[in-house]
1. Listing Leu6, Leu135, Leu99 from the residue with the fewest other Cβ atoms within 10 Å to the one with the most, what is the order?
2. Apply the Karplus parameterisation 6.51 cos²θ - 1.76 cosθ + 1.60, with θ equal to phi minus 60°, to every residue of segment 109-115 and state each ³J(HN,Hα) to the nearest whole Hz, in sequence, with x for glycine and proline.
3. Would you mind checking segment 87-127 for residues with the amide N under 12 Å from a putative spin-label position 7 Å along Cα→C-beta of Gln74?
4. What is the set of long-range amide H partners of Ile66 at a cut-off below 5 Å, with H atoms built 1.01 Å from backbone N?
5. Hey, with R₀ at 35 Å, roughly what FRET efficiency would Ile23 and Leu3 work out to, going by the Cβ-Cβ distance, to 0.05?
Amino acid sequence: MKLQVLVGISALVVSTTLAGFAIAQSSGSVQSLRSGDLPDTLRAEQVHKQMEGRMKRNYRQQPPLIPHSSSQYQMDKRTNQCLGCHDWTVAGERGAPTLSMTHYLDREGNQLDTVAGTRWFCNQCHVPQANAPELVGNDFQPSNALR
């Protein structure tokens, strides 16, 4: 009885696998979701470079852009390497901007000595500056107060 069941299951697996291969082969080539040709891979010199120095903000309360590479910074639920320079306890001696005091408030508005959990992952608001073309058209104008 057990042998018959194993043979039946094996036959089913083999036939399903072969049918899957046949369907995959007959489906044709991979196409873009945008119905166009897939672009060529960028050559190394066309990769957009990190911009050094601080860029001005375009509106009030805009999170500042990160003026340095952060690709090697560890940021997980236990470690945030950004705080090694930007936490209020060390920012002065490191010459780095201090985090806004809003980063030290919990959801109820209580002042904390450490960065609030809701502000722990810096890259949810802050992005690195890069000299890159716009992906979509943009006609945004800064507010009058910043001109």
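1. On the way: Leu6 10, Leu135 6, Leu99 17.
The most exposed by this proxy come first: Leu135, Leu6, Leu99.
2. x, 7, 6, 10, 8, 10, 4
3. Residues passing the 12 Å test: none.
4. Val127, Gln129
5. Details: r = 31 Å, r/R0 = 0.88.
Between Ile23 and Leu3 the formula returns 0.70.
The numbers here are math on the coordinates, done by the rules we state, and not lab data. Worth saying up front: this structure is predicted, and the values here are computed from it rather than measured. So basically every Cβ, Gly included, is an ideal-geometry build from the backbone, and we count neighbours across all protein chains shown.
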